[in-house]
Amino acid sequence: MRNHEIDFVIHGDDMQCVEIELDPQETVIAEAGSLMMMDNSIEMETIFGDGSKNNEGVMGKLFGAGKRLVTGESLFMTAFTNTGSGKKQVSFAAPYPGKIIALDLQELGGKMICQKDAFLAAAKGVQVGIEFQRKLGAGFFGGEGFIMQKLEGDGMAFIHAGGTLVQKELKAGEKLRVDTGCLVAFTPSINYSVEMVKGIKTALFGGEGLFFATLEGPGDVLIQSLPFSRLASRVFSAAPRGTGSSKDEGSVLGGMFDLFGGK
């Protein structure tokens, strides 16, 4: 086993956190800013790349950090190591309402392809890299860009999805069409392509966008019900704009406030 073996518990329902138990000298890596809490004997270290053996040396670390920069992530990751004599815990929180998914990469064939902002944490040794889409159409119109994130190794990794999570196991030749923003992750055996919505009326007035992802088995697919882009769009559209905009919410008190020069 190249990866550190870790135990974990996922707490909560809609705003979840994952508590990871580390034996002495065990390490977990995580995105900067995802820490929730940790025991006293846990030591933090900022690292380039993902800390895997494939990124040893100066050039390896720089290359690993560069791959993360291409996917839109921070140049740095944080390693949390148990330097004490007994078992210690460190917890990481989800960035928005949804589910934290534990992936045993050994059971998934050693690799998982994810949307670029899905990664939360992983056992040290898991390689966090980039995955180029083979088809230009999938890259430019797939909703997740030309580059996706890949997790490789034989240890545990944790990713986050918005809303409710649905897992589909596709048989050989079985196809599934998914809104591009709802696609969270899939195994490398899945054939992934992007198709245009047929019919100009459907495309313009259907409210579902111009493109959807077509996934063909065999393999496993993870789908989220609430992409962060959809959540952010709804929040932005409901946000007040300009001065005196509180009256748009239908509030009597807001209207009275505006009469007296409230801002």
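The values are calculated or read from the model by the stated rules, or taken from the named source; none is laboratory data. Everything quoted here is computed from the prediction, not taken from an experiment. Here the Cβ is made from the backbone with ideal geometry for all residues, glycine too, and neighbour counts use every protein chain on show. Surface areas here come from the heavy atoms of the whole protein model, side chains and all, with no ligands, DNA or RNA. Shrake-Rupley method; radii C 1.70, N 1.55, O 1.52, S 1.80 Å.
Observations, loosely collected:
- Of all the criteria given as (1) at pLDDT below 90; (2) open to solvent by less than 80 Å² (accessible area, probe 1.4 Å), the one not satisfied by Q16 is (1).
So that you can scan it fast, the table gives a plain yes or no per residue for (1) in contact with a Lys or Arg (Cβ under 7 Å, 6 or more places away or on another chain); (2) within 25 Å of I47 (Cα to Cα); (3) modelled with pLDDT of 85 or more:
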site	(1), (2), (3)
G109	no, no, yes
K116	no, yes, no
A122	no, yes, yes
F140	no, no, no
G143	no, no, no
F146	no, no, no
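- Counting only residues that are under 18 Å from the mean Cα position of the chain (by Cα), among the charged types (D, E, K, R) and within 25 Å of F76 (Cβ to Cβ), the stretch 1-42 holds 2 of them.
- The stretch 223-238, subset open to solvent by 70 Å² or more (accessible area, probe 1.4 Å) and touching a residue at least 12 places away in the same chain (Cβ under 8 Å), residue nearest to the chain's Cα centre (by Cα): F228
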